[in-house]
Structure formats: C-alpha cells, structure tokens
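The values are calculated or read from the model by the stated rules, or taken from the named source; none is laboratory data. The shown structure was predicted, so the numbers you read here are calculated from the model rather than taken from an experiment. Cβ coordinates were reconstructed from backbone atoms using ideal geometry, including for glycine residues, and neighbour counts include every protein chain displayed. Heavy atoms of the whole protein, side chains included, go into the accessibility calculation; ligands, DNA and RNA do not. Shrake-Rupley method; radii C 1.70, N 1.55, O 1.52, S 1.80 Å.
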Amino acid sequence: MKIALLKQEIYQDLYVCPVTEKNPANILFSSMGRVGPIGLMAELGADFYIVKEEQTFETQIYKKVIPHISKYLYLLKTETLDKIPGQEFKIPGSKYPNGKFAVDCNTIDWGYYDIIISINVSLPNHIVRKYPKTLFAYMIGEANMATKSVHFGYDVTMNQMARGIIATKCGIVDFPYTFLSSHTLENIMQQNLGRDSKRKGIFMEINSTTERPVTKVPKHFQPLLDNGYEVILHKQRIDENLKSIYDCKYFVKMGGRTIRGNSVAEAISLGTLAIMNSNEVIHKELIIEECDVKTMDEMVALINRLENDDNLYRKLLEKQRARLKELFFDAPIKSMTNCLEHKRMSNKTNTYKWYNKIYDRLCFIK
C-alpha cells in the first residue's frame, strides 16, 4: 500500500525536508516542533511532501484554523518558524524554510498512491476528483475542527482520536496526530545514537508548568527531588528533547493544563514508562490503571516501588506499549484500509458544489 503525507508550505509544524529524504531520523529531526505521524514514514515507507500554497477555497481554510497567526504564515515560505511573531522562542529542527522544498501539487501523479493524508487541506478539490481510485483524507492541524462530517470533497476526516474504533467505510476515522507503533521512536533513536537508552531519571512533561521555555523544576515537583530523583526538563529542539526522553526511565505529568496526550504516546514508543493523572489527558487510554496517580505522593510511592521491582517496571511498560500499538497504529491503519476498499468498491467520484462550500465555511464558525 502506497501512502503519501502532505502539508502546505504555510503549515507551522512538522517536517522540513524534500520528498527524496527517506531516512526516518532525518525526517523526524527536521520537524518544527512535534513528532507527528512519523510512523507513516518509519513503519510504512510513506512519502512526505511539502506542497505549494494553492488559492482555492478549500486550500485556504487554514486561515480559519489558527486565525491569530494566519496572517504571518506566508513567512514560512522563506523563513523558519522562529521568525514568526509570537513564535520566537521556538527552535525548529531544520535551518531551512518550508518553501525550499515545496513542490507544485499539480505536477504530481497522485494516482500513484493508494492513500493521501493531508494536514489541513493541502490539495484542491479538482485534484481529488481527478483520482477516483485514491483515498483522500485530511486532518485539521488543530483538533476537533471539521470532524463531525467529511468536508472539502475529500473521502475521510481524521479526528485525532485513538479509541480503538475501526471504521468500515469512508467518513470519520480515529487517527491520532502522533501516529506510531510501540517501538517506532526507540528504533529511530537506537539507530541514530548507536546505543541503548540510559534508562535513568524522570522527564517532566512540558505542560506540568506554564514556563516557556522551561528552565526550572516547579515547586510541586519538589517531592521527587527530595527523594533523590533527577528531574529532566523539556528541550526546545526536537532531537535534543527526544534524546532526553529516550534516556529517561519515567515520563511524568502532574498539574498544569490538560493535554491531548501525543507526548505520552511518544514517551511510550521511546521505551519510557508514562505515569500521570489520567484526568489530565485526553488520550487517557494510554494511562494504564497501574500508572494512573492522582497526587504527587502517589507518584513518588509508585516510582519508589518500581525502582525496587524491575520485573514490575518491565511488565507495565510492555502493557503500555501493547496498548499504544493497538490504538495508535493497528486500528488507524485498519480503518484506512477499510475506507480505501469502500471507496473503490462504491466507484463514486466526489462532487463539490457551491452549497458544499457554504457548508464547509459554516463548520469553522464557533
């Protein structure tokens, strides 16, 4: 099955590299920020494209997604993310702007692929209609937008959820932004660093504090320090941050804002046990019962116990990894395979009329 992942040259996240780049580590470490669906390339051999901005209604919908910075996103054609007003504290993984590697979407034979996955809406509808045997899916970069039904003439809307629900036909599909399997990131780091993890220390999830960039351990983490544990803080560059998590034994969050949980998936895939309050995580499925703690005292007690029971530690990590594989890899791919079969069996070409455009515009009005 041939898959392509696409983003526009004005998208403020993910990888900055040419489609000819096939090394998963090089792709991953070029990211402006998040890990994203690196499993598509690392596990399934997908191609990654940055496409030039098109001026159709559907490809301009990104301006409705994050309107407070949309007027600056054109800069990403020639500048890196840290040059965007309000994003100066970011340290993107690549020294190049999106535009350096952007290609004209009208010059690509998208019929070569079985499945196209677009972050936001990268391809205009006339291209979608041109390839009736290819499945076209979009995922709005900010979750919970345009997910109640499929828009823009595409076949699938990805809702960034990972509940194990397997779709049987085109429509709404559970597909997480961070798509990877149980050992995807660990394998990448092992190959890149040429060594195993040090498995030492506790990594604090960034949203446990409001400080940006993070420079100090917050007061409510003091009990961990008092018990002699080293608390590792978030790094701004993606390669440095992933290396820190890879070398830690625990990945913890306590307090701060509720998170979607993509960072939890990343930690587990790196081989680091995730411990936190499941009420603070949208992807709470990954926080197994044994690692669900409600207070810092409970967290300290659990880590103390695990430090004295290596067998229990390994058992809990394997349980988390199995759940990650099931929810963040196996189920989403099965859903997409089902959707592809459904489209090809139905043999219908999607239409996109004026009233569809009105409906699509309304889905972004809050």
(request) Taking the residues in region 234-259 that are surrounded by fewer than 19 Cβ atoms within 10 Å (Cβ to Cβ) and part of a loop (DSSP other than H, G, I, E, B) as candidates, determine which candidate is modelled with the lowest pLDDT. (result) GLN236
(message) Quick check on PRO97: is it in contact with a Gly (Cβ under 9 Å, 6 or more places away or on another chain) and farther than 29 Å from ALA167 by Cα?
(response) no
(request) Working carefully through the options LYS216, LYS169, find the one that is farther than 30 Å from GLU58 by Cα and either in a helix (DSSP H, G or I) or in contact (Cβ under 8 Å) with a residue 12 or more places away in the chain (or both). (result) LYS216
(request) Can you give me the number of residues within region 160-185 that are surrounded by 19 or more Cβ atoms within 10 Å (Cβ to Cβ) and out of contact with any Asp or Glu (no Cβ under 7 Å at 6 or more places or on another chain)? (result) 10
(message) Suppose the filter is touching a residue at least 60 places away in the same chain (Cβ under 8 Å), among the hydroxyl-bearing types (Ser, Thr, Tyr) and open to solvent by 40 Å² or more (accessible area, probe 1.4 Å); does TYR74 pass it?
(response) yes
(request) Hey, could you check region 320-362 for residues that are under 29 Å from the mean Cα position of the chain (by Cα), at pLDDT below 95 and in a helix (DSSP H, G or I) and say which is surrounded by the fewest Cβ atoms within 10 Å (Cβ to Cβ)? (result) LEU362
(message) Need pairs with beta-carbon distance below 6 Å; first residue modelled with pLDDT under 95 and within region 51-62, second basic (Lys, Arg); sequence gap 6+ or separate chains.
(response) PHE57/LYS357
(request) Taking the residues in region 265-293 that are without any contact (Cβ under 8 Å) to a residue 40 or more places away in the chain and assigned to a helix (DSSP H, G or I) as candidates, determine which candidate is most open to solvent (accessible area, probe 1.4 Å). (result) GLU289
(request) Mind listing just one residue for me: the one in region 102-132 that is touching a Lys or Arg at 6+ places or on another chain (Cβ under 7 Å) and part of a loop (DSSP other than H, G, I, E, B) and, of those, farthest from HIS151 (Cα to Cα)? (result) ALA102
